[in-house]
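Structure record follows, encoded as structure tokens.
The values are calculated or read from the model by the stated rules, or taken from the named source; none is laboratory data. What you see is a predicted model, and the numbers here were worked out from it, not measured in a lab. Cβ placement follows ideal geometry from the backbone for every residue including glycine, while neighbour counts extend to all protein chains displayed.
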Amino acid sequence: LQKIPAHWRLVPLKWCCHIASGQVDPAADEFRELPLIAPDHIESWTGHILPFTSAEEQGAISGKYAYKKGTLLYSKIRPELSKVCIAPVDGLCSADMYAISPSEEISTEYLFYQFLSRHFHQFAVLESMRVAMPKVNREALGAFPIIVPPREEQEAIVSNLTESLSALDRSSAAIRGAIERLVEYRAAVITAAVTGKMKVV
């Protein structure tokens, strides 16, 4: 960990966040229609949430964690994929995830960016290598030192990152679109050549 400003603090996650425990039955009437988010519904390294459906539609039968809108959801399996998001609605998450609620001293959005940082990623990958199945256990996660600036600085950091990353996302989308068009053009050129529609001599 690089040196941080003197007025910032390092606090074990378990001292400033609550990690949900106690699973619920997703087939029960009160839970079956709730949306269910699993690691596969989160894009690596961005926190973007992919389309998801209800617990019933996904045929969920094993225990899940219930969470409220705004909860941080982190995939504890294969941490090298860095899958974390902020829940957009109340719902359920896979038992392969942690539902984390920060205390008032930490912004959920700021905590989200902490989980996407190289500081956290290196810790998570190293911890996952200590067990047979690559995952981060609850005890290790609870001991992870969260960097805690004053709340107003957290909000400034989040605002700056959100603006900067939105610009990067727009650039990435434009690049992906250009690549897709080049792939289509390449296929069209090949098709024209092998079907005699392109003059080659």
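Can you confirm whether R130 is among the basic types (K, R) and assigned by TED's automatic domain parsing to the domain that holds C17? Steps first, please.
Values: among the basic types (K, R): yes; assigned by TED's automatic domain parsing to the domain that holds C17: yes.
Yes, satisfied.
Please tell me if E105 is in contact (Cβ under 8 Å) with a residue 40 or more places away in the chain and assigned by TED's automatic domain parsing to the domain that holds L34.
yes
Residue by residue through the stretch 28-61, note down the ones that are of a type in the set (S, T, N, Q), closer than 18 Å to Y74 by Cα and either crowded, with 19+ Cβ neighbours inside 10 Å or out of contact with any helix residue (DSSP H, G or I) (no Cβ under 6 Å at 6 or more places or on another chain) (or both). Before the answer, list the steps.
Here is the first cut: in the stretch 28-61, the residues of a type in the set (S, T, N, Q) are 44, 46, 53-54, 58.
Pick out the ones that are also closer than 18 Å to Y74 by Cα and you get 44, 46.
The one that is of a type in the set (S, T, N, Q), closer than 18 Å to Y74 by Cα and either crowded, with 19+ Cβ neighbours inside 10 Å or out of contact with any helix residue (DSSP H, G or I) (no Cβ under 6 Å at 6 or more places or on another chain) (or both): T46.
How many residues are of a type in the set (S, T, N, Q) and in contact (Cβ under 8 Å) with a residue 60 or more places away in the chain if we restrict to the stretch 22-52?
So the count comes out to 2.
So how many residues does the stretch 23-32 have that are touching a Phe, Trp or Tyr at 6+ places or on another chain (Cβ under 8 Å) and either under 21 Å from F120 (Cβ atoms) or assigned to a loop (DSSP other than H, G, I, E, B) (or both)? So that I can check it myself, show each step before the final result.
Going residue by residue through the stretch 23-32, those that are touching a Phe, Trp or Tyr at 6+ places or on another chain (Cβ under 8 Å) are 23-25.
So of that shortlist, the ones also either under 21 Å from F120 (Cβ atoms) or assigned to a loop (DSSP other than H, G, I, E, B) (or both) come out as 23, 25.
Residues in the stretch 23-32 being touching a Phe, Trp or Tyr at 6+ places or on another chain (Cβ under 8 Å) and either under 21 Å from F120 (Cβ atoms) or assigned to a loop (DSSP other than H, G, I, E, B) (or both): 2 in total.
State whether the residues of the stretch 7-22 include one that is within 30 Å of A173 (Cα to Cα) and outside any helix (DSSP H, G or I).
Going through the stretch 7-22, the residues within 30 Å of A173 (Cα to Cα) turn out to be none.
Looking for residues that are within 30 Å of A173 (Cα to Cα) and outside any helix (DSSP H, G or I), one finds none in the stretch 7-22, hence no.
Can you tell me which of (1) modelled with pLDDT under 95; (2) under 11 Å from the mean Cα position of the chain (by Cα) is the one I77 doesn't meet?
(2)
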